[in-house]
Amino acid sequence: MNFFAPLIGQTQAVELLNQAVIQNRIAPAYLFTGVDGIGRSLAARCFIEQLFCQHLPTVEQAPIQTRLRQGTHPDVLWVQPTYLYQGQRYSAAEAAEKKLKRKAPPIIRTEQIREIAQFLSRRSAIAPRSMVVIEKAETMAESAANALLKTLEEPGQATLILIAPNAESLLPTLVSRCQKIPFYRLNFEALAQVLRQSGQEAILSAHPAILATCQGSPGNAIAAVQICQAIAPELIQSLEQLPKSSLRNALELARQVALLELEGQLWLLDYLQQQYWQQFLSGKISAPPLEQLELARKYLLSFVQPRLVWEVSLMEFSAIV
C-alpha cells in the first residue's frame, strides 16, 4: 500500500521517509522544512500511518487511519500554535470559529511543551511508538524551545516531527538533534493537480494574482482566496495603486486596513508586494516600496499597533509616487 499517495510533488521527502521505515531506522526527531501549504503536515500524517500500519492486515489498517485523520489516536499528539484569550488556549481554527479578535499571531507556548513531556512520559498505548507533531515550530519562544530541547535529548520510545519554514528559524541546538527532510514549492502542474483534487480548480482561472503570490503553494493559494473574500474589494483596489491624492486619504486607508484580522493584513502585504513589483516592471511606478512592506511585516509581527504601522507605511508610499 502506498501510504504517501495523497502527497503530490514531494518525491525526495517521500523517498527519505519511506527508506527510514523500510530499513527500520526511525530517527528520534525530524525537521520538515519548507513554506506553508506544500504538504509538510500531510506528509507527517502519511508517515505516521505507515509506521503504525505497515505490518497490519488491511482490515486492521482502516480504523487506525480513521483515528489518525480524526486526531483521536491515543499515541499521537498534534501541537499547533495557540492564541491566549481569557486564560484559555485556542488554535487558529478554534479562534476563527469563536470569532475571537486576534491582534497577534499564535505561538507555541511553554505550557504546550510541558504537555509534550507529560505525553511522552507514559508508554504508547497500542502503537509501536508515540508520535508528536509540532506545527509552526518557529513560533516557539526561546523558553519553550529550551524546554523542548530537554525532551529531544531523551525522547524514549517516541519520535517528534517539527514543522518549520527552514532550519534558521529554530535554535541550532534543536536543529542538530533532528534529521532534516526538505519540502519544495510545487511546479504549476503539481499545484493545479492539488487544487483540482481539493475542489478549488476555480482558483486557477479566477485568481491569477493570488496564484502569483502563493509561489508554488496550493495551501497558501486556498487560504489567500478565503482571506481575500473577507476583504472589501474596494479596499484592495484602493491599495493596489500607491496613494497619490493626500495624506488624509492614506490615513483613512490605514484606518480601514487596521480593522482587519492580522492574517488579512499580512496577506495584503504579500499581495501588494507582488502588485507593486509588477507595476514597477511595467514602468507605472518609479520604484516598488518593497523595503517599506517588509518593515511593515516586521512591525506587525512585533506587536506594534497595526494602525500606526499602516499610517507610516502608506505615508511613505505617497512620498514614492
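The values are calculated or read from the model by the stated rules, or taken from the named source; none is laboratory data. What you are looking at is a predicted structure, and each value in this text was computed from that prediction instead of being measured. Virtual Cβ from ideal backbone geometry, glycine too; neighbours counted across all protein chains shown.
How many of the residues in the stretch 208-267 are outside any helix (DSSP H, G or I), at pLDDT below 85 and under 20 Å from SER313 (Cβ atoms)?
Of all residues in the stretch 208-267, those outside any helix (DSSP H, G or I) come to 215-217, 230-232, 241-246, 259-261.
Filter again for at pLDDT below 85, leaving 215, 241-246.
With the extra rule that they be under 20 Å from SER313 (Cβ atoms), the set shrinks to 241-246.
Matching residues across the stretch 208-267 total 6.
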If we scan the stretch 129-137, do we find a residue that is of a type outside the set (A, V, I, L, M, F, W, C), farther than 19 Å from GLN179 by Cα and surrounded by 19 or more Cβ atoms within 10 Å (Cβ to Cβ)? no
Inside the stretch 101-117, the number of residues satisfying the requirement of being assigned to a helix (DSSP H, G or I) and among the basic types (Lys, Arg) is 1
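Given the residues GLN12, GLN19, GLN61, which is the only one that is free of Cβ contacts under 8 Å to residues at least 40 places away in the same chain and out of contact with any His (no Cβ under 9 Å at 6 or more places or on another chain)? Let's see the steps before the verdict.
Values: GLN12 fails: free of Cβ contacts under 8 Å to residues at least 40 places away in the same chain; GLN61 fails: free of Cβ contacts under 8 Å to residues at least 40 places away in the same chain.
Answer to the check: GLN19.
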Just checking, how many residues over the stretch 67-104 are acidic (Asp, Glu) and either more than 20 Å from the chain's Cα centre (by Cα) or not assigned by TED's automatic domain parsing to the domain that holds LEU148 (or both)? 1
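Tally the residues that are crowded, with 17+ Cβ neighbours inside 10 Å and closer than 26 Å to ALA230 by Cβ, restricting the search to the stretch 280-292. Don't jump to the end; show me each part of the working.
Start the filter on the stretch 280-292 by keeping residues that are crowded, with 17+ Cβ neighbours inside 10 Å, which leaves 285, 288-289, 292.
Restricting the remaining residues to those that are closer than 26 Å to ALA230 by Cβ gives 288-289, 292.
Summing the residues that are crowded, with 17+ Cβ neighbours inside 10 Å and closer than 26 Å to ALA230 by Cβ in the stretch 280-292 gives 3.
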Hey, among LEU300, LEU268, which residue is in contact with a Pro (Cβ under 8 Å, 6 or more places away or on another chain), without any contact (Cβ under 8 Å) to a residue 60 or more places away in the chain and under 24 Å from ARG102 (Cβ atoms)? LEU300
Tell me which residues, restricted to the stretch 244-264, are more than 20 Å from VAL304 (Cβ to Cβ) and either in contact with a Phe, Trp or Tyr (Cβ under 9 Å, 6 or more places away or on another chain) or surrounded by fewer than 13 Cβ atoms within 10 Å (Cβ to Cβ) (or both). LYS244, SER245, SER246, ARG248
Name the residue, out of ALA141, ALA96, ALA104, ALA92, that is surrounded by 12 or more Cβ atoms within 10 Å (Cβ to Cβ) and either within 16 Å of SER41 (Cα to Cα) or at pLDDT 90 or above (or both). ALA92
Has the stretch 109-116 got at least one residue that is assigned by TED's automatic domain parsing to the domain that holds ARG45, surrounded by fewer than 20 Cβ atoms within 10 Å (Cβ to Cβ) and free of Cβ contacts under 8 Å to residues at least 24 places away in the same chain? yes
Give the stretch 198-238 a look and list any residue that's under 20 Å from the mean Cα position of the chain (by Cα), over 19 Å from TRP277 (Cα atoms) and not hydrophobic (A, V, I, L, M, F, W, C), or say none. SER198, GLN200, SER217, PRO218, GLY219, ASN220, GLN226, GLN229
Touching a Gly at 6+ places or on another chain (Cβ under 9 Å) and crowded, with 16+ Cβ neighbours inside 10 Å: is that true of LEU120 in this structure? yes
